[in-house]
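Student: Sending over a structure as structure tokens; questions will come in a sec.
The values are calculated or read from the model by the stated rules, or taken from the named source; none is laboratory data. Please read all numbers here as calculations on a predicted model, not as lab measurements. For neighbour counting, all protein chains shown are included, and Cβ atoms are generated from backbone atoms with ideal geometry for every residue, glycine included.
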Amino acid sequence: MDRKDIKLSEAREYFTIGKAAETSTNIKGSIFISHCAHVATANEAMDYIKSIRIKHIDATHNCWAYRISPNEYRFNDDGEPSGTAGQPIFQALLGANLEQTCIVVTRYYGGTKLGAGGLARAYGGGAVAVLKEAKTLLVKPMITLLIEVSFSEQNSLFHFLQSHPEITTTTDYTATGIQIKASFYLSDRNKIVELLTNSLRGRVQITE
């Protein structure tokens, strides 16, 4: 089975994996090797899947799923009975609410058939196990604003920035004042702009 939908481009917080990981298990003689990696796009996901296929070129199956965003995902059974591999792997991603993540579960057949239920448990369980090994990371989108003030206001601006260590900055000087590129979490934008404007009594220019 193969599923693909449109891409969501909205900037927002999301969860992904903290690191690439690999786990393995033996179920009735079949070896299941689960791999996961962070992928930013569908193309990156397909490149990762290809790399695992090359690494395990002699495997019986390399089943996979990726989820870039809530509306962009895909999964594939790679020859296993429909719905027994790719979908259980995808359900592990969905259950963990992970995005920008790809999982490939490789199977080396051991001679004993597992049945549809057994396959779903094996592939889904392998996906859950490798995600547990990879940990979870919250990604918060950043924004960078250009802040400009005259030299007479620089001390007030520096004082404001020192009181907000969550803001990272780079500073340039011009003929009439200073320009600061300030980066911080997008979710804090309105609050920081309001506080900065009030702190400098409106004598500041802020652009994105």
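Student: Given the condition surrounded by 21 or more Cβ atoms within 10 Å (Cβ to Cβ), under 12 Å from the mean Cα position of the chain (by Cα), outside any strand (DSSP E or B) and at pLDDT 95 or above, answer yes or no: does some residue in the range 74-92 qualify?
Tutor: no
Student: Taking Ser9 as meeting all but one of (1) surrounded by 11 or more Cβ atoms within 10 Å (Cβ to Cβ); (2) over 19 Å from Ala85 (Cβ atoms); (3) modelled with pLDDT under 95; (4) not β-branched (Val, Ile, Thr), write down the number of the exception.
Tutor: (1)
Student: Give Leu94, Leu119 a once-over and let me know the one that is assigned by TED's automatic domain parsing to the domain that holds Thr41, touching a residue at least 24 places away in the same chain (Cβ under 8 Å) and touching a Lys or Arg at 6+ places or on another chain (Cβ under 8 Å).
Tutor: Just a single option satisfies the conditions, and that option is Leu94.
Student: Restricting to the range 172-190, what's the tally of residues that are under 26 Å from the mean Cα position of the chain (by Cα) and more than 12 Å from Phe160 (Cβ to Cβ)?
Tutor: Residues flagged as under 26 Å from the mean Cα position of the chain (by Cα) and more than 12 Å from Phe160 (Cβ to Cβ) within the range 172-190 amount to 9.
Student: Collect the residues in the range 170-184 that are in contact (Cβ under 8 Å) with a residue 24 or more places away in the chain and either acidic (Asp, Glu) or under 12 Å from Leu145 (Cβ atoms) (or both), keeping them in residue-number order.
Tutor: Gln179, Ile180, Lys181, Ala182, Ser183, Phe184
Student: OK, next. Sort out which residues of the range 10-31 are of a type in the set (A, V, I, L, M), part of a strand (DSSP E or B) and touching a helix residue (DSSP H, G or I) at 6+ places or on another chain (Cβ under 8 Å), and write them in order of number.
Tutor: First, pick out the residues of the range 10-31 that are of a type in the set (A, V, I, L, M): 11, 17, 20-21, 27, 31.
Restricting the remaining residues to those that are part of a strand (DSSP E or B) gives 17, 21, 27, 31.
Result: Ile17, Ala21, Ile27.
Student: Mind checking which residues of the range 140-169 are among the hydrophobic types (A, V, I, L, M, F, W, C), surrounded by 15 or more Cβ atoms within 10 Å (Cβ to Cβ), in a helix (DSSP H, G or I) and touching a residue at least 12 places away in the same chain (Cβ under 8 Å)?
Tutor: Taking the range 140-169 as the starting set, the residues that turn out to be among the hydrophobic types (A, V, I, L, M, F, W, C) are 142-143, 145-147, 149, 151, 157-158, 160-161, 167.
Now narrow it down to the ones that are surrounded by 15 or more Cβ atoms within 10 Å (Cβ to Cβ): 143, 145, 147, 149, 157-158, 160-161, 167.
Now narrow it down to the ones that are in a helix (DSSP H, G or I): 157-158, 160-161.
Leu157, Phe160, Leu161 - these are the residues of the range 140-169 that are among the hydrophobic types (A, V, I, L, M, F, W, C), surrounded by 15 or more Cβ atoms within 10 Å (Cβ to Cβ), in a helix (DSSP H, G or I) and touching a residue at least 12 places away in the same chain (Cβ under 8 Å).
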